[in-house]
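Asks: Have a look at this one before I ask anything.
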Amino acid sequence: MTNEAIYNKSIETQELQLPGLGLKLTHYGIVVFLLFSPLMTIVFHLTDYFSYGYTYFKDGELWFAFLPSALAVIFYFIQKKRLKFKIVQTTLSAQQLKEVISEVSKNLKWVPMSSSEKTYVAKTFPGFFSGSWGEQITVLFHENTVFINSICDPDKRPSVVSWGRNSENENTLADKINEATNKLTPAAGLH
């Protein structure tokens, strides 16, 4: 998938598209981990069935397969929801948006990775004791709409928890864009 196709699909679905199997496996790593035990249980039972012509489940073995499977489904939907963009309508020009992003980037210690007229991608590199491997912030520009997403950095170890950093990244940028937009728009009723 080309960068243009990824961009278009992200705008269409309002969901960040992760290119490549590796990034998807990292983002959904907890799901893969939780499914390992149930899959191995199935493999062992199929092996017994084809080797001996029968198989039986021991007491509690179904729970050993069911519980991780149920958790895997729950975590799949949690991780999928994290790919959704926070959407902000604005009348700011490209230059004004760039200035707002630059200010937020500086305050939240984002390191720009790539930037174009349609996209902005940054990452964070927190310290060892911060509780986070880092975040990836993706901002897409489409007409008068800004799409904002922050997820745990998919180029690093799988992570399920960001300790509020992803929400802070998204909300801070959205608030600053809204604030700058409101400064440009005269208050209703005032002439």
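Asks: What does the extension gain come out to for residue 89 and residue 183, with contour length at 0.36 nm per residue minus their alpha carbon separation?
Replies: Value of the extension gain: 32.4 nm.
Asks: Additional query: Within the chain, which complete DSSP H helices have Cα atoms spanning at least 24 Å along the helix axis and a mean Kyte-Doolittle hydropathy of 1.0 or higher?
Replies: Helix filter hits for the chain: 29-52, 61-81.
Asks: Mind ranking 63, 110 by accessible surface for me, highest first, 1.4 Å probe?
Replies: On the way: 63 170, 110 15 Å².
Ranked list, largest accessible area first: 63, 110.
Asks: Report the Cα centroid-to-centroid distance between region 60-128 and region 134-158 in angstrom, as an integer.
Replies: Here the two parts' Cα centres lie 4 Å apart.
Asks: Sticking with this structure for a sec: Can you give the charge dipole size of region 82-159 about its Cα centre, rounded to the nearest 20 debye, using +1 on the beta carbon of Lys and Arg and -1 on the beta carbon of Asp and Glu? Show your work: numbers first, answer last.
Replies: Working: 10 positive and 7 negative charges, 52 e Å.
Once rounded to the nearest 20, the dipole reads 240 debye.
Asks: Next question. Just how large is the dipole of region 27-109 about the Cα centre, in debye to the nearest 20, putting +1 at every Lys and Arg Cβ and -1 at every Asp and Glu Cβ?
Replies: 600 debye
Asks: Rolling a 1.4 angstrom probe over the protein chains, ignoring ligands and nucleic acids, what is the accessible area of residue 40 in square angstrom, nearest 10?
Replies: 60 Å²
Asks: Another question, if that's okay. Farthest toward the dipole's positive end in region 1-131, which of 43, 32, 53, given Cβ charges of +1 (Lys, Arg) and -1 (Asp, Glu) about the Cα centre?
Replies: Selected residue: 32.
Asks: Further question on the same structure: Can you give the accessible area of residue 28, probe radius 1.4 Å, in Å² rounded to 10?
Replies: The accessible area comes out at roughly 40 Å².
Asks: Match the structure shown to one of the listed values (i) 0.98; (ii) 1.08; (iii) 1.14 of Rg/Rh (Cα atoms, Kirkwood Rh), computed from it, and give that label.
Replies: Of the listed options (i) 0.98; (ii) 1.08; (iii) 1.14, (iii) comes from this structure.
The values are calculated or read from the model by the stated rules, or taken from the named source; none is laboratory data. None of the values given here were measured: they were computed from a predicted structure. All Cβ positions, even for glycine, are placed from backbone atoms using ideal geometry, and neighbour counts span all protein chains on display. Heads up: the accessible areas ignore ligands, DNA and RNA and are worked out on the full protein's heavy atoms, side chains in. Shrake-Rupley method; radii C 1.70, N 1.55, O 1.52, S 1.80 Å.
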